[in-house]
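Values in this text are rule-based calculations from the coordinates and carry no lab data. Model, not experiment: these values are computed from the prediction. All Cβ positions, even for glycine, are placed from backbone atoms using ideal geometry, and neighbour counts span all protein chains on display.
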Amino acid sequence: MGASSSKECFPKEGVQLIASDSNPIVTDVVPASITYRNFRSPHKSSKFLRVGRSGSLAVTDQRLVAYIGSSRQVNVQFDDARIAEMTFSVQENGEFLSIQHNAALFQPAWKGSVEIRFKTKQANEIHNRIQQAAMIIARPQS
């Protein structure tokens, strides 16, 4: 089946965020990294900084939630205009899911770019779900 029905390794806050959503795919804790390029915030700046940690993510029919460690990096519903400003890709023969966005997308005081990568066997399945959910919600109602 590939999808995890268990939410035990997903942060408690994330479990609460997706509790009322339907049809979740939830990863267990997996190797992950977050990369900042040309980054500037009120408290730090860096031309290039990559931090490797464990991560987890969930995609439902309504939203995407992603964590690095216990720190939430993404919580966006598919009907939120910000989803169109994010780039999703599967990399390295389907082993990695990449989420890229402008740093100011979720933190207006930040500048630069952010890439979050998750090493998961579910990369293709999660990517397909994101694309499908975003397209369904973006369709105009007749």
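Odds and ends about this structure:
- Alpha-carbon centroid distance for the pair region 7-78 / region 81-121, whole angstrom: 10
- Think of region 12-138 as a dipole: +1 on every Lys or Arg Cβ, -1 on every Asp or Glu Cβ, centred on the Cα centre; then among VAL90, PHE48, ILE126, PHE48 lies furthest on the positive end.
- Mean Cα-pair separation over length for region 31-97, i.e. relative contact order, pairs under 8 Å, 6 or more apart, %: 19
- Stretch gain in nm, segment GLU115-THR87, where the contour uses 0.36 nm per residue and the Cα spacing is subtracted: 9.2 nm
- Of all aspartates and glutamates in the structure, the ones whose alpha carbon falls short of 20 Å from that of LYS12, not counting any fewer than 8 places away in one chain, are ASP21, ASP28, ASP61.
- With neighbours defined as other Cβ atoms within 10 Å of a residue's Cβ, the residues LYS111, LYS121 order from fewest to most as LYS121, LYS111.
- GNM on the chain, alpha-carbon springs under 10 angstrom: the most fluctuating residue among GLN77, GLN131, GLN100 is GLN131.
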